[in-house]
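Chemist: First, the structure itself, so that you have it in front of you.
The values are calculated or read from the model by the stated rules, or taken from the named source; none is laboratory data. This structure is a prediction, so every number in the text was calculated from the model and none was measured. Backbone-built Cβ (ideal geometry, glycine too); neighbour counts: all protein chains shown.
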Amino acid sequence: MPKITFVEADGTEIVVEARSGISLMENAIANNVDGIEAECGGSCMCATCHCYLADDQAGLSVMQDDEDEMLGFVASERKPGSRLSCQITVTDDMDGMQVHLPAEQN
Amino acid sequence: MPGPVLIVGGGQAGVQLCMALRREKYQGAISLYCEEPEYPYHRPPLSKSYVTGATDDDKLPMRPESFYEKNAIDVYLNAPVTSVDIHRSEASVGGTAVGYSSLVLATGARPRRLDWQNDAPAGVFSLRDLSDARQIRAGLQNCKSLVVIGAGFIGLELAAAACAAGVQVTVFEMADRVMGRAVAPTISTFFEATHRAAGVDIRLGASVSGLEHSDGQVSGVQCADGTTLAADMVVVGIGVTPNVELAEQAGISCDNGILVDEHCRTEASSVFACGDCAAHRNRFAGGRSVRLESIQNATDQARTIAASIAGEPKPYTAVPWFWSDQGSHKLQMAGLAFDADSYIERGDREGGRFSIFHYRGDKLLAVDSVNESRDHMVARKLIEAAISPGQDQAGDPGFDLKSLI
Ligand SMILES: Cc1cc2nc3c(=O)[nH]c(=O)nc-3n(C[C@H](O)[C@H](O)[C@H](O)COP(=O)(O)OP(=O)(O)OC[C@H]3O[C@@H](n4cnc5c(N)ncnc54)[C@H](O)[C@@H]3O)c2cc1C
Ligand code: FES
């Protein structure tokens, strides 16, 4: 079980024992991380599950066009490490990953 | 201390309201009354990946149970609200009166039924909630031949999912095209072709007049043209009726939905309504009263109500959007096309990636996109900002629509 740290916009850190094989968004929701809304439930439609990851984060899947388009319209600034957490499947390689959350999701 | 908020209905809107109230730092008590035995869950997968087993039950809850505890939200399951007294500010649950300072009706909608559905044999279903979906999922495991009545979004999603799982599927649609009330003819034609290519038998201008059965189990359908067709399962997807009875009984005006103003307030000042059960005047529909059945509408209306209850009212002005996953194809819609008088096609229809831009005169009203998220996202922004690309620009895939924003 990889350990993942969610960092809320106000700096609060939530360390979770994540489940591999499900999405980063689902892990956040399961652990009551408030900074992720996920109104569409992971259908890549709402962009309210935006997060910032390190550019060189291990284990990340390649971004698909849908996610890229959606990220063009997120409520908080899009940065180089911006991803939609519902499109990322957690793997064991992600142990120690830091996930920064934006102030606004909609 | 702000007063208690009582929410009737733990669906998309009800849960979003709980989240939004706490995000707005609302300190008052919140109780969520749910008719269903389940903690609130996501409905969209029920007609898609869930029915074939590709999505499991543990993926469905919108929030874990600990969420409600952490946020001091009292959830009551199996607890339908049976009446509301707006003069005493009380709702009745299981014979007990519960007081409120704000009441939110988020009761959703229920499937419309066909006359013969009431005494139907086993194997005939509607699809609205998890209990329906569980039965359909179980039934599909031994189903050879499924009949779907109604080629709306839910019927087609289910048809595609079942067909991909190896079931023989026939869809009956009375109109002359699929999703006829919702999309442009070009989109209907595209989806008819893709579903047929996948193996779904789509029958347009065709209806089912009755059922055949043996040993209490459905065995086929009688078609209006006099023929019969074998089927071991039938799913009826012919639209929904809003759950307005509580409001009506309380004396609140309804007309195809509980009537609400731009703050989602009903005519009773401490009663709000949102989501599938509410009708509002929408600026993207030329101000006409509409009832939208979508995740977007349920979510954004809930946010609107939270803002009012928390003391910082903001009108509901969000651009409507919707999606439907049918097999491997994604249909996305932005805006409302009610008043459109022309439309322009953009993209590569043969290649399966295109959009239809609906106009009234020069004004862009809505965009339906097939496998073209880029157009969809740009459309949401254009429509929100009331920017209308020229029709020549919309029709030219080489023109960058983003440059207009
Ligand atoms: C199978 C399916 C697939 C869908 N797919 C999509 C999609 O892909 N994209 C999209 O945008 N939308 C989709 N939708 C539509 C979307 O799910 C609805 O618009 C949304 O759920 C509406 O939210 P709501 O809270 O208004 O109603 P609901 O989510 O229906 O919740 C209402 C709840 O209120 C409860 N209730 C009713 N009366 C009472 C009472 N008196 N007391 C207590 N509780 C009560 C009901 O039991 C229900 O649980 C789909 C819907 C279905 C059924
Ligand atoms: S949950 Fe909606 S886009 Fe990720």
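Chemist: Can you pull out every residue in the stretch B:265-313 that is away from chain A (no Cβ under 14 Å), crowded, with 24+ Cβ neighbours inside 10 Å and within 14 Å of the chain's Cα centre (by Cα)?
Modeler: Scanning the stretch B:265-313 gives B:D276, B:C277, B:A278.
Chemist: In the set A:A58, A:A54, A:A28, which member is buried (at least 23 other Cβ atoms within 10 Å of the Cβ), of a type in the set (A, V, I, L, M, F, W, C) and over 18 Å from B:K381 (Cα atoms)?
Modeler: A:A28
Chemist: Would you check if B:T299 is among the hydroxyl-bearing types (S, T, Y), at pLDDT 95 or above, within 27 Å of A:C44 (Cα to Cα) and touching a Cys at 6+ places or on another chain (Cβ under 6 Å)?
Modeler: When the stated conditions are applied, B:T299 does not pass them.
Chemist: Being over 14 Å from B:S102 (Cβ atoms), more than 11 Å from every other protein chain (Cβ to nearest Cβ) and part of a loop (DSSP other than H, G, I, E, B), is that true of even one residue in the stretch B:57-65?
Modeler: No: the stretch B:57-65 contains no residue that is over 14 Å from B:S102 (Cβ atoms), more than 11 Å from every other protein chain (Cβ to nearest Cβ) and part of a loop (DSSP other than H, G, I, E, B).
Chemist: Also: For B:D339, only one of the following conditions fails: (1) modelled with pLDDT under 95; (2) touching a helix residue (DSSP H, G or I) at 6+ places or on another chain (Cβ under 6 Å); (3) in a loop (DSSP other than H, G, I, E, B). What is its number?
Modeler: Failed condition: (2).
Chemist: Continuing with the same structure: Take the conditions within 16 Å of ligand 1 (Cβ to nearest atom), of a type outside the set (V, I, T) and at negative phi and apply them to A:E69. Does it pass?
Modeler: no
Chemist: Sticking with this one: What are the residues in the stretch A:32-43 that are more than 14 Å from B:F322 (Cβ to Cβ), hydrophobic (A, V, I, L, M, F, W, C) and at the interface with chain B (Cβ under 10 Å from one of its Cβ atoms), if any?
Modeler: A:A38
Chemist: Any chance the stretch B:374-393 includes a residue that's assigned to a strand (DSSP E or B), away from every other protein chain (no Cβ under 14 Å) and within 23 Å of B:I295 (Cα to Cα)?
Modeler: Scanning the stretch B:374-393, I find no residue that is assigned to a strand (DSSP E or B), away from every other protein chain (no Cβ under 14 Å) and within 23 Å of B:I295 (Cα to Cα), so the answer is no.
Chemist: Right, here's the next one. Of everything in the stretch A:25-67 that's within 12 Å of ligand 2 (Cβ to nearest atom) and not in a loop (DSSP other than H, G, I, E, B), which residue is modelled with the lowest pLDDT?
Modeler: The qualifying residue modelled with the lowest pLDDT is A:D66.
Chemist: I'm told A:I22 meets every condition in (1) more than 9 Å from ligand 2 (Cβ to nearest atom); (2) crowded, with 21+ Cβ neighbours inside 10 Å; (3) closer than 18 Å to B:T55 by Cβ except one. Can you identify the failing condition by its number?
Modeler: (2)
Chemist: Taking the stretch B:136-157 as the search range and keeping residues that are farther than 16 Å from B:L229 by Cβ and out of contact with any strand residue (DSSP E or B) (no Cβ under 6 Å at 6 or more places or on another chain), which one is surrounded by the most Cβ atoms within 10 Å (Cβ to Cβ)?
Modeler: Across the stretch B:136-157, the extreme among qualifying residues is B:I154.
Chemist: Of all residues in the stretch B:89-139, which are without any contact (Cβ under 8 Å) to a residue 60 or more places away in the chain and more than 30 Å from B:P2 (Cβ to Cβ)?
Modeler: B:D115, B:N118, B:D119, B:R134, B:Q135, B:A138
Chemist: What is the number of the single condition among (1) farther than 30 Å from B:A379 by Cα; (2) among the aromatic types (F, W, Y); (3) within 12 Å of another protein chain (Cβ to nearest Cβ) that A:F73 does not meet?
Modeler: Unmet for A:F73, out of (1) farther than 30 Å from B:A379 by Cα; (2) among the aromatic types (F, W, Y); (3) within 12 Å of another protein chain (Cβ to nearest Cβ): (1).
Chemist: Please go through the stretch B:358-373 and give me each residue that is under 22 Å from the mean Cα position of the chain (by Cα), more than 10 Å from chain A (Cβ to nearest Cβ) and not charged (D, E, K, R), ordered by number.
Modeler: B:H358, B:L365, B:A366, B:V367, B:S369, B:V370
Chemist: Within the stretch B:394-403, count every residue that is more than 14 Å from chain A (Cβ to nearest Cβ), surrounded by fewer than 19 Cβ atoms within 10 Å (Cβ to Cβ) and not acidic (D, E).
Modeler: So the count comes out to 4.
Chemist: Considering the stretch B:102-134 alone, what residues qualify as being within 27 Å of B:N78 (Cβ to Cβ), away from ligand 1 (no atom under 13 Å from the Cβ) and buried (at least 19 other Cβ atoms within 10 Å of the Cβ)?
Modeler: Listed by number, the residues that qualify are B:S102, B:G123, B:V124.
Chemist: Could you tell me which residue of the stretch B:142-168 is nearest to B:V51 (Cα to Cα), considering only residues that are under 23 Å from the mean Cα position of the chain (by Cα) and of a type in the set (V, I, T)?
Modeler: If we take residues in the stretch B:142-168 being under 23 Å from the mean Cα position of the chain (by Cα) and of a type in the set (V, I, T), then B:I154 is nearest to B:V51 (Cα to Cα).
Chemist: Kindly establish whether B:E262 is part of a loop (DSSP other than H, G, I, E, B), more than 14 Å from every other protein chain (Cβ to nearest Cβ) and either farther than 27 Å from B:A20 by Cα or away from ligand 1 (no atom under 12 Å from the Cβ) (or both).
Modeler: Yes; evaluated as a whole, the condition is true for this residue.
Residue by residue, here is whether (1) within 13 Å of another protein chain (Cβ to nearest Cβ); (2) in contact (Cβ under 8 Å) with a residue 60 or more places away in the chain; (3) under 28 Å from B:A298 (Cβ atoms) holds:
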site	(1), (2), (3)
A:N27	yes, yes, yes
A:T48	yes, no, yes
A:C51	no, no, yes
A:A54	no, no, no
A:L60	no, no, no
A:D68	yes, no, yes
A:L84	yes, no, yes
